[in-house]
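Contents: one structure, followed by commentary.
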Amino acid sequence: MTSQHDSYQDIRDGIRALCAQFPAEYHRKIDEARAYPEEFVDALTREGWMAALIPEDYGGSGLGLTEASVIMEEINRAGGNSGACHGQMYNMNTLVRHGSEEQRLKYLPKIASGELRLQSMGVTEPTTGTDTTRIKTTAVKKGDRYVVNGQKVWISRVQHSDLMILLARTTPLADVQKKSEGLSIFLVDIRQAMKSGMEVRPILNMVNHETNELFFDNLEIPEENLIGEEGKGFKYILTGLNAERTLIAAECIGDGYWFTDKVTDYVREREVFGRPIGQNQGVQFPIAEAYIEIEAANLMRYKACSLFDAGAPCGAEANMAKYLAAKASWEAANACIQFHGGFGFACEYDVERKFRETRLYQVAPISTNLILSYVAEHVLGLPRSF
Ligand SMILES: Cc1cc2nc3c(=O)[nH]c(=O)nc-3n(C[C@H](O)[C@H](O)[C@H](O)COP(=O)(O)OP(=O)(O)OC[C@H]3O[C@@H](n4cnc5c(N)ncnc54)[C@H](O)[C@@H]3O)c2cc1C
């Protein structure tokens, strides 16, 4: 079922072959142990998939976000979780598009070879939440360095990355005309930072997702690690955020197909009252409905991808794709667990694990309410409500 043949078939075949070496039991055991899928991410790196978005001149494959999204979709569709490695995909264009030639030459070939990982992005803060322009982490220029103080929360893959893109305020909110001004982004050398001013405290959470609180106490970042112009960081970070929303949409679509395939197989076989449960329309309809929604969300995902790859504004489409895909995968997850009956709760079926994983995307990287509010204000022109 749902075997798409599209122009990305080579990528799909490549990822499926790699994922076949890491079957459901692998991801289940990693989940049970709350471990990081090192071997899986290493294999993706070795085969060059993690360098998809790095231009060929710097050692990568020079692919677009569309292709990257197919890679992420296939990982989730195969029963894995791209959350372990999608950071490198959504951060990459921030560095490629807004970094200097010097930064590109210094970092991209090493990321392409796997010597360095760019898996982390530090935006969210505990006291400001989604109100990103009010973040309190500051970076103050002192000579040839920036000195960072503040706190972040939910910063993922820090322990499995070498580099992090960090958003901090360089001009106080009171001194800027627009609140989106005066923010800057930096490339942080994570190992170095952990020895000199950045503390990492892991957060145990519902999903097996390596995420952390970060505390900055006079962390010094060399000025050459500023990406782009000082004060313009909010504009640059949107590149990463739009890429992230679009990639998450693709991951949710991968999850959605996983759930519909899994439940369809199950209800076809499972017999209760002398017939397959899948013969009952009460069982068929929620699965069919979820499938329709996944297919529809997929169209918006490709629209967002193609706009992003063309360098065109894609905020609305990236948000809408993420909204539709997260909703569709969640409905598919609910149908899948429901029609597995009690077995849906048994870890060995993988349904409960994927159910937890896809639930995250109602909240992160942007919550459903905030997408609705974005569309109401920025697409429909309704008055700003906050
Ligand atoms: C596992 C995990 C991994 C993450 N990884 C990263 C990462 O790597 N880097 C990073 O920077 N961040 C990361 N995040 C943070 C994530 O992006 C945020 O949790 C998310 O954007 C929501 O922000 P918040 O938690 O501060 O919620 P809040 O902003 O406090 O919002 C809480 C709830 O209130 C609702 N709400 C808030 N304001 C309004 C409003 N005006 N109208 C209607 N509803 C409203 C929201 O919809 C939401 O449901 C991660 C989070 C999780 C859980």
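Each value in this text was obtained by applying a stated rule to the coordinates, not by laboratory testing. Bear in mind the structure is a predicted one, so any value in this text is a computation, not a measurement. Cβ coordinates were reconstructed from backbone atoms using ideal geometry, including for glycine residues, and neighbour counts include every protein chain displayed.
In loop segments of segment 212-316 as defined by DSSP, the chymotrypsin sites (Phe, Trp or Tyr not before Pro) with at most 10 further C-beta atoms inside 10 Å of their C-beta are Phe273. Its alpha carbons considered, segment 9-113 gives a radius of gyration followed by a Dmax of 14.2, 43 Å.
The calculated P(r) of segment 170-316, using every Cα pair and 5 Å bins from 0, goes 2, 8, 10, 10, 12, 13, 12, 9, 7, 6, 4, 4, 2, 1, 0 in percent. Counting only alpha carbon atoms, the long axis of helix 315-339 and the longest principal axis of the chain meet at about 40°. Placing a label point 7 Å from the Cα of Asp217 along the Cα-to-Cβ line, the residues of segment 129-154 whose backbone N sits under 16 Å from it are 148-152.
Among Lys195, Lys179, a tally of other beta-carbon atoms within 10 Å of each Cβ gives an order, fewest to most, of Lys195, Lys179. Cβ crowding within 10 Å ranks Leu53, Leu105 as Leu105, Leu53, fewest other Cβ atoms first.
Of all the options Pro276, Pro55, Pro365, the one that moves most in a Gaussian network model of the chain with Cα springs shorter than 10 angstrom is Pro276.
Cross-link check: pairs Lys106/Lys195; Lys141/Lys195; Lys142/Lys179; Lys106/Lys354; Lys29/Lys136 evaluated at a Cα-Cα cut-off of 28 Å; pairs beyond the cut-off: Lys106/Lys354; Lys29/Lys136. Computed from the alpha carbon positions, the gyration tensor of the chain leads to an equivalent ellipsoid with semi-axes of 37, 22, 20 Å, biggest first.
Taking a straight Cα-Cα cut-off under 12 Å and skipping sequence neighbours fewer than 8 places away in the same chain, the aspartates and glutamates within cross-link reach of Lys232 are Glu181.
Once Rg and the Kirkwood radius are both taken over the C-alpha atoms of segment 148-250, their ratio Rg/Rh works out to 0.98. Against the main long axis of the alpha-carbon atoms of the chain, helix 9-20 sits at an angle near 80°.
Given segment 235-379, what whole percent of its Cα pairs are spread farther than 21 Å? Here the long-distance tail beyond 21 Å is 45 percent of all Cα pairs in segment 235-379. Taking other C-beta atoms within 10 Å as the exposure proxy, Leu299, Leu108 rank Leu299, Leu108 from fewest upward.
For segment 214-284, the extents of the C-alpha atoms along the principal axes are 71, 25, 17 Å, listed from largest to smallest. In the chain, the calculated helix contribution to ellipticity at 222 nm averages -15500 deg cm²/dmol per residue, counting -39,500 (n - 2.57) for every DSSP H run with n ≥ 4. Principal semi-axes of the equivalent ellipsoid, √(5λ) from the alpha carbon gyration tensor of segment 249-311, are 33, 10, 5 Å from largest down.
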